[in-house]
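Take a look at the structure set out below.
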Amino acid sequence: MEALKFYLPFPARDHIIMECEQAICRAGKGGSAKYGGLRMEKKYSAKYEETKEALIAFCEIFHQEKCEMSVLIAVAFGGVVLLGLNIVGGNLSGSSREVFLFLVKYVSMWITAFFAGAILSKTLFRRMMMSTAFGDAQELYRLRIKKRSKPLVVRVDFYEDRIVNDTGTKQAEYSYSNVKKLLESDKAIGFLSDVGPGPKNFFGVPKDAFEDADIEEVKAFLVEKCTGVKKFKKI
């Protein structure tokens, strides 16, 4: 699968724009590849067809993650704006005790809003995002079938120092150090990586696509290699 770049403008819209983009590949195909003067062996491999079901699983992970982030950002931004309005409106011009009590109440309400937003993003907003993800995945699948006439067969190889995503005609490479989030649903795992300025790259792998490897073993390996991530986030 080509590297998928998902663009989610803020404020968040109901629909995201997806663009397929080829990344630069620095290593060739095969069971091992030369990298930095060393010969790195593959640790794990996954192979799957990019079916409509696979795309739905990937879009569900991406949408839910972006939904949670958007809600928290909105609450944070809204809290700062309201505090500024109170300052401009003179609500903090009383005695020290009155100002202190106001700030305590305000911060308490702000924290409560964060918790409420987190709960809503996992309940009501989650159902909305699942519906949006289903529609986006169907449209993406339609466009890809129109272009290629059949689903891609994707191979993802996990080396000691990087991930190589191969569709047979194109390759994309990801360094573990660039992975910012490891995401997981019941059907797939997802990677959010930062390879430079602009939107982050996201790609997924179905859990049942790994060859001769237990998914928990693979997850432990990825957490160890992705030094910027402490654990998988369950979606």
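Applying 1/(1 + (r/R0)^6) with r as the Cβ-Cβ distance of residue 82 and residue 150 and R0 = 45 angstrom yields a FRET efficiency of 0.25. Accessible surface comparison of 167, 112, 51, 227, probe 1.4 Å, protein chains only, largest first: the order is 227, 112, 51, 167.
For the residue pairs 147/233; 150/187; 150/230; 146/180; 207/230; 42/181, the C-alpha atoms sit more than 31 angstrom apart in 147/233; 150/230; 146/180. Here the simple spin-label model places points 7 Å from the Cα toward Cβ, and for residue 217 and residue 194 these points are separated by 3.3 nm. Taking each residue as 0.36 nm, the span from residue 93 to residue 143 lengthens on full extension beyond its C-alpha to C-alpha distance by 12.1 nm. For the stretch 166-232, a/c is not less than 1.5, where a ≥ b ≥ c are the root eigenvalues of the C-alpha gyration tensor, and a/b does not top b/c. That puts it in the oblate class. On the basis of the beta-carbon distance and an R0 of 22 Å, residue 101 and residue 74 show a calculated FRET efficiency of 0.25. Label separation (residue 42 vs residue 112): 5.5 nm, computed from points 7 Å beyond Cα along the C-beta direction. If you take all other residues with their beta carbon under 9 Å from the beta carbon of residue 184, and give Lys and Arg +1 and Asp and Glu -1, the sum is +3.
The values are calculated or read from the model by the stated rules, or taken from the named source; none is laboratory data. Values in this document were obtained by computation on a predicted structure and should not be read as measured data. A quick note on method: Cβ atoms are made from the backbone with ideal geometry, for glycine too, and the neighbour counts reach across all protein chains shown. For the accessible areas, the whole protein counts, side chains as well, though only heavy atoms, and no ligand, DNA or RNA atoms are used. Shrake-Rupley method; radii C 1.70, N 1.55, O 1.52, S 1.80 Å.
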